[in-house]
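Report on one structure; see the data block that follows.
The values are calculated or read from the model by the stated rules, or taken from the named source; none is laboratory data. Computed from a prediction, not measured in an experiment: that's the story for all the values here. Cβ placement follows ideal geometry from the backbone for every residue including glycine, while neighbour counts extend to all protein chains displayed.
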Amino acid sequence: MPKGSDLFVAALENEGVDRIFGVPGEENLDIVESLRTSRIELVLTRHEQAAAFMAATHGRLTGKPGVCLATLGPGALNLVTGAAYAHLGAMPMILITGQKPVMSAKQARFQIVDIVASMRPLTKMTRQILSPAAIPAAVRDAFRVAAEERPGPVHLELPEDVAAANAEGASVIPRHAYDRPVASAAVLDNAAKMILAAKRPLVMIGAAGNRPALVEPLSGFMARTRLPFFNTQMGKGAVDGGSNLYVGTAALSEGDYVHEAIERADLIVAIGHDTIEKPPFLMKNDGGPRVVHVSYESATVEQVYHPDIEVIGDIGASVKGLAERLEGRVSPDEGMLQLRQRILARLNDRTEENRFPVTPQRLVHDVRRVMPEDGIACLDNGMYKIWFARNYRTHVANTLLLDNALATMGAGLPSAMMAAILHPERRVMAVCGDGGFMMNSQEMETAVRLGLNLVVVILNDSAYGMIRWKQSVDGFPDFGMTFGNPDFVRYAEAYGAKGSRVSAVEDLFPVLEAAFDGGGVHLVDVPIDYSENTRVLVDELRNRTPDVECS
């Protein structure tokens, strides 16, 4: 006789779920048993937070919700950072948690926390399932809501007694296709007129540009219009950064070299921009470029972002419609193209410098050398994220995974593990600071157990480097940011992984290349010198002078 958990797992199979990541507990045992006889693989992680990061990254890379599992109370609460990561980053995922029986209370309030209430501000939808008959609709609705624009996390709580109850007579609800609304012809006409009237239009590609379904339409739009473009951090790779139209990435909010192009523009076409990202540029109430907002949803009006016109609807259809109206009618701004060369030249400065410990510019340069165009680099959060955003040229969508929304530490390794599971044929690298790595370093065991091919680069400065640098820039004494580290090579070996340490700058590229060639999980300990942060990101940018020849 089928029970609630059997129906629940059947509903997950109906949604195409092939893996669930998590740490089960007593209240999940019926689900675990139903999974045992299903087509779904249970991937056991060492912490619930890592399971949530992996499920979120699955959603990010595939466009289909990833699924994670935890028990009640403490297990469920360990998912909340991952829920926020997916919520701010617009990654579709399903969080499943257990709960004590709802029809009896033999353990009183032991371990009980109101997880539905806790998840409410961190998810698109959260609900407790109160009967087996409600399971099919709850699961179908959860996947629908998670995947719809703007995508994000949905939470389902399945109490222990509902999971064990008789589910005879209930059946799953078939999936159905749906089309996104499209912008009207009148709106597209108005936007095209504004772009054609501009003398120096510039395109900005935001985070939504990296949705899997948008790669082809966006590339087609850029090829047909020949407009210069830049991207936000999370928009990197949506269009080939090797294109002669690419002018850079807005890793900072203002004052960087790419902002010379933004300041020159009289119109910015913001495609797929989400104000949840740290602002790529700051709009002004008076002066500055006008903005056309092209997105699935209307813009969130902010002090630093308030568009002049909005094109709302399916982005793929919108950019195709705009391209039809603009193709062959846009004259390139020669000054912008000249400025592009200056911007990119500055980003190539000192990329092969032979100092040791390794500088961020040399690190990015050698990682780019070792990674093929479709190789996936997954960043944790730290100072190096700014350097990769500025300097790392992307050629394929979703090959530089970074978080410029929640910007949490601890996600780099689990994110890379998910990428390696989905793309075993491609090179995958996790780039982590020593602080962020140690927050979920136990997942090295998971990676080894799963037989993944993965290189984990640890940038070792024995400090919370980004905050320490900010502390110095703000004039505070150096205090409270340094720590000791384990011997990372031996630490990796203790998990059954391989380990190497870079001891000279000329060894960086060959050590990384050998790590990939050797296969399996390989950790590389790289001492890092962050003195370049102040020289470039403070002193040099403060003293930069725009290229007058391009004005």
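On the basis of being over 24 Å from Phe21 (Cα atoms) and buried (at least 21 other Cβ atoms within 10 Å of the Cβ), does Met466 make the cut? Judged against the criteria, Met466 is a match.
In this structure, Val102 does satisfy being of a type in the set (Val, Ile, Thr), part of a loop (DSSP other than H, G, I, E, B) and touching a Pro at 6+ places or on another chain (Cβ under 6 Å). Restricting Gly465, Gly499 to those that are in contact with a strand residue (DSSP E or B) (Cβ under 7 Å, 6 or more places away or on another chain) and under 30 Å from Ile262 (Cα atoms) reduces the list to Gly465. Of the helices (runs of 4 or more DSSP H) lying entirely inside the range 359-445, those containing at least 1 residues that are more than 27 Å from Glu493 (Cβ to Cβ) and in contact with a Pro (Cβ under 9 Å, 6 or more places away or on another chain) span 383-391.
Remark: Gly288 falls outside the filter, which requires a residue to be on the phi > 0 side of the Ramachandran plot, assigned by TED's automatic domain parsing to the domain that holds Leu227 and either surrounded by 22 or more Cβ atoms within 10 Å (Cβ to Cβ) or of a type in the set (Val, Ile, Thr) (or both).
Counting only residues that are in contact with a strand residue (DSSP E or B) (Cβ under 7 Å, 6 or more places away or on another chain), of a type in the set (S, T, N, Q) and surrounded by 14 or more Cβ atoms within 10 Å (Cβ to Cβ), how many does the range 469-496 have? Count: 1. Counting only helices (runs of 4 or more DSSP H) that sit completely within the range 459-528, those holding 1 or more residues that are farther than 17 Å from Met371 by Cβ correspond to 465-473, 488-494. Selection over the range 215-240 of residues that are within 20 Å of the chain's Cα centre (by Cα), crowded, with 24+ Cβ neighbours inside 10 Å and assigned to a helix (DSSP H, G or I) gives a count of 4.
Residues in the range 151-200 that are modelled with pLDDT of 95 or more and within 25 Å of the chain's Cα centre (by Cα) were compared, and the one that is surrounded by the most Cβ atoms within 10 Å (Cβ to Cβ) is Pro153. Tallying residues that are crowded, with 18+ Cβ neighbours inside 10 Å, modelled with pLDDT of 95 or more and farther than 19 Å from Val9 by Cβ within the range 80-117 yields 14.
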